[in-house]
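Readers should treat all values here as calculations from the given coordinates under stated rules, not as data from a laboratory. Note that the coordinates shown come from a computational prediction; the quantities given were computed from them, not determined experimentally. Cβ placement follows ideal geometry from the backbone for every residue including glycine, while neighbour counts extend to all protein chains displayed.
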Amino acid sequence: MMTNLFSMFDPSTSIMNFSLNWMSSILGIIMMPYMYWLIPNRFIYLWNKILMMLHLEFKTLLGSTGHYGSTFLFTSTFSFIMFNNLMGLFPYIFTSSSHMTMTLALALPLWLSFMLYGWINHTNHMFAHLMPQGTPSILMPFMVCIETISNFIRPGTLAVRLAANMIAGHLLLTLLGSTGPSMSIILIYLLLIVQIALLTLEFAVAIIQSYVFAVLSTLYSSEVN
């Protein structure tokens with residue numbers, strides 16, 4: 001029995017002060033290479049098709065100024081986040097992407113590297129981004145402040161969006177599931193249908209949020225070129 005509603009997000013399982021729950025984040029790295037050694041099947045073909053579609057879309061978002069091979073960074077980020085989101089849907093597996101520790105560790109280095117690259121190599125271009133075209137002269141100081149603040153909160157919004165969406169769905173599933181023992185048989189059947197529907201929704205959210213994270217990172221990268 002859970003002592004706290006948020007205990008499912010608590011990385012407390014440990015051996016010799018080493019948290020075992022975070023090991024779920026590297027399971028994908030261990031399991032993915034098998035696709036390159038086994039005989040190609042429909043799953044491998046589908047996965048390669050998805051990655052190729054993402055590569056073409058990210059290449060379009062980056063435009064002609066994007067560096068060669070930069071789309072592999074964002075497709076890898078998409079794959080890593082999606083796998084961690086999907087792993088969290090299985091019972092007794094820690095959802096690492098529901099913690100700001102992981103999401104901020106992904107968003108902050110990406111944003112910081114884009115900013116450093118942009119301000120060092122394209123300083124005038126970065127200053128131009130602080131002032132939208134057609135802004136009245138009287139509003140220019142305010143627009144610079146607003147654009148600067150919006151630029152600084154980008155890694156936070158990326159991290160909070162991913163973590164909050166993962167936490168919200170899991171909490172709803174836990175709240176509904178904890179009411180099961182006090183229900184009648186008919187209501188339990190209804191609860192099972194609702195839980196399956198929510199689990200399907202969480203499956204879609206896991207994929208959508210990893211896609212949103214990768215696309216927004218790509219857009220932030222395209223602005224510095």
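Each peptide in 102-108, 144-150, 219-225, 81-87 gets a packing score, the mean of other Cβ atoms within 10 Å over its residues, and the list from highest to lowest is 81-87, 102-108, 219-225, 144-150. Placing unit charges on the Cβ atoms only, positive for Lys and Arg and negative for Asp and Glu, gives segment 5-222 a dipole magnitude near 280 debye about its Cα centre.
Farthest towards the positive end of the charge dipole of the chain, among the residues 145, 70, 132, is the Cα of 70, using unit charges on the Cβ of Lys, Arg, Asp and Glu. Look at the alpha carbon pairs under 8 Å that are at least 6 residues apart: their mean separation over the length of the chain gives a relative contact order of 30 percent. Ranked by the mean number of other Cβ atoms within 10 Å of their residues, highest first, the peptides 89-99, 124-134 come out as 89-99, 124-134. Multiplying the residue separation of residue 113 and residue 131 by 0.36 nm and subtracting their alpha-carbon distance yields 4.3 nm.
In a Debye calculation with equal point scatterers on the alpha-carbon sites of the chain and no solvent, what is log10 I(q)/I(0) at q = 0.08, 0.10, 0.14 Å⁻¹? Scattering profile of the chain, log10 relative to I(0): -0.40, -0.61, -1.01. In segment 5-222, taking the dipole from charged Cβ atoms about the Cα centre, the farthest positive-side position among 82, 193, 39 is held by 39.
For the pair residue 182 and residue 56, what calculated FRET efficiency results from E = 1/(1 + (r/R0)^6), where r is the Cβ-Cβ distance and R0 = 41 Å, to the nearest 0.05?
Values: r = 52 Å, r/R0 = 1.26.
Calculated value: 0.20.
Highest mean first, what order results for 112-118, 159-165 on Cβ atoms within 10 Å? Could you put the intermediate results ahead of the total?
Values: 112-118: 14.9, 159-165: 19.0.
Peptide ranking by packing, descending: 159-165, 112-118.
Computed across segment 159-198, the Kirkwood hydrodynamic radius from all distinct Cα-Cα pairs reaches 11.0 Å.
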